Amino acid sequence: MQAVMKHAWNLSEKEAIGLQEEWAGTVSLETPQGWKVRRVAGVDVAYDKNDDRLIAAVVVLDAETLEVVETAAAEGKPSFPYIPGLFSFRELPPVLEAFKRLKTPPDLIVCDGQGIAHPRRFGLASHLGLLLDIPTIGCGKTRLIGEHEEPDGERGSASPLVDGDETIGYCLRTQNGVKPVYVSAGHRLSQADACEWILKLTPRYRLPETTRQADQCVKRELGKPTS
């Protein structure tokens, strides 16, 4: 898989913020008509504690059975500073390299991070969705911005995540009595469909199977000896 949109990666902090502000205006929160999901991908990135390696993994699952269809990983080194709100510029280069190695293109991508629930409405999921022109969801373990009421304790309960007068996502309970997750549409998907898909992908655990499988993949890659 190749990126449909491209931009330079050797940007300053100011340039990166400017790109986010510009590209955020092109994010779509409408689900494509007639869209069918046969395969869904999960994305995760991890850092080696012993050196400056950065590992990105993409795991493609069958959307019905949630069985793994294909995995791909890529290794790199961070080329952008650690700046909150700009993580995608640090992590997406190896993610895109991992996608290039896939033979099975997904119909939906779930990212361990944010979609439009971001100060400039352009989190990693939105960035990746635009680059690949594929529907994306951000599903974060923690909240980046916004306020919300605590959802009820039952699976499927949700409360709006609000920033100012704008609903930027949902605080969603994926299992009875467990901590909620923060769901926001990334690109080419409605907020309601984003929540519906996260519930489909969490039949047993708090986190989506896409995220769980991608996390296991990066851990396996980090365990491999370097050449």
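A few comments on the model shown:
- Å² of accessible area per residue within the range 76-135, as computed with a 1.4 Å probe and no ligands counted: 32
- Within the accessible surface of the chain, defined with a 1.4 Å probe on protein heavy atoms only, the carbon and sulfur portion equals 47 percent.
- Each residue of the range 4-18 was assigned a 3J(HN,Hα) from its phi angle through the Karplus curve 6.51 cos²θ - 1.76 cosθ + 1.60 (θ = phi - 60°); the sequence is 8, 10, 9, 7, 5, 9, 8, 9, 7, 4, 4, 5, 5, 5, x Hz, with glycine and proline shown as x.
- For the range 76-191, the number of Lys pairs separated by eight or more positions or lying on different chains, with C-alpha atoms closer than 29 Å, is 5.
- Among the trypsin sites (Lys or Arg not before Pro) in the range 29-137, those placed in a DSSP loop whose Cβ has at most 10 other Cβ atoms within 10 Å are Lys36, Lys49, Lys103.
- Partner aspartates and glutamates for Lys36 [C-alpha distance under 16 Å; skip if fewer than 8 residues away on the same chain]: Asp62, Glu64, Asp107, Asp133, Asp193, Glu196
- Take the convex hull of the alpha carbons in the range 141-227; its mean projected area over all directions comes to 7.2 nm².
- For the residues Asp165, Asp48, Asp62, a GNM of the chain with alpha-carbon springs under 10 Å puts the largest fluctuation on Asp165.
- Highest-MSF residue in the chain out of Gln216, Gln33, Gln114 [GNM, Cα springs under 10 Å]: Gln33
- Close amide-amide hydrogen proximity is noted between Glu70 and Val60, each under 5 Å apart and 5 or more residues distant or on a separate chain (H modeled in the peptide plane; Pro and chain starts excluded).
- Residues whose placed amide H lies under 5 Å from that of Arg155, excluding near-sequence neighbours: Asn176, Gly177
- DSSP loop GluC sites (Glu not before Pro) with at most 16 other Cβ within 10 Å excluded, longest remaining stretch of the chain: 68-148
- The base-10 log of I(q)/I(0) for the range 19-98, evaluated at q = 0.17, 0.19, 0.24, 0.25 Å⁻¹, reads -0.88, -0.98, -1.10, -1.12 [Debye formula, identical scatterers on Cα atoms, solvent excluded].
- Average accessible surface area per residue within the range 138-218, 1.4 Å rolling probe, Å²: 45
- Counting only residues at least eight positions apart within a chain, or on another chain, the lysines with an alpha carbon under 20 Å from that of Lys14 are Lys6.
- The phi-based Karplus calculation (6.51 cos²θ - 1.76 cosθ + 1.60; θ = phi - 60°) puts the 3J(HN,Hα) values of the range 72-82 at 8, 9, 9, 10, x, 10, x, 10, 9, x, 7 Hz, whole numbers, x for Gly and Pro.
- Förster radius 22 Å - calculated FRET efficiency between Thr65 and Gln33 (Cβ-Cβ, nearest 0.05): 0.30
- In terms of its C-alpha gyration tensor, the chain comes out rounded, because the ratio a/c of the largest to the smallest axis stays below 1.5.
- Neighbour-limited loop hits for chymotrypsin sites (Phe, Trp or Tyr not before Pro), the range 15-73 (at most 16 other Cβ within 10 Å; DSSP other than H, G, I, E, B): Trp35
- Helix content alone sets the calculated 222 nm mean residue ellipticity of the chain: runs of n ≥ 4 DSSP H residues at -39500 (n - 2.57) each, divided across all residues, give -8000 deg cm²/dmol.
- Each 10 Å bin, from zero up to the one with the longest distance, holds this percent of the alpha carbon pairs of the range 117-159: 24, 42, 28, 5.
- Directionally averaged projected area (the range 1-43, Cα convex hull): 4.8 nm².
The values are calculated or read from the model by the stated rules, or taken from the named source; none is laboratory data. Note that the structure is predicted; figures quoted are calculated from it, not measured. No Cβ is skipped: glycine too gets one built from the backbone with ideal geometry, and neighbour counts run over all protein chains shown. Surface areas here come from the heavy atoms of the whole protein model, side chains and all, with no ligands, DNA or RNA. Shrake-Rupley method; radii C 1.70, N 1.55, O 1.52, S 1.80 Å.
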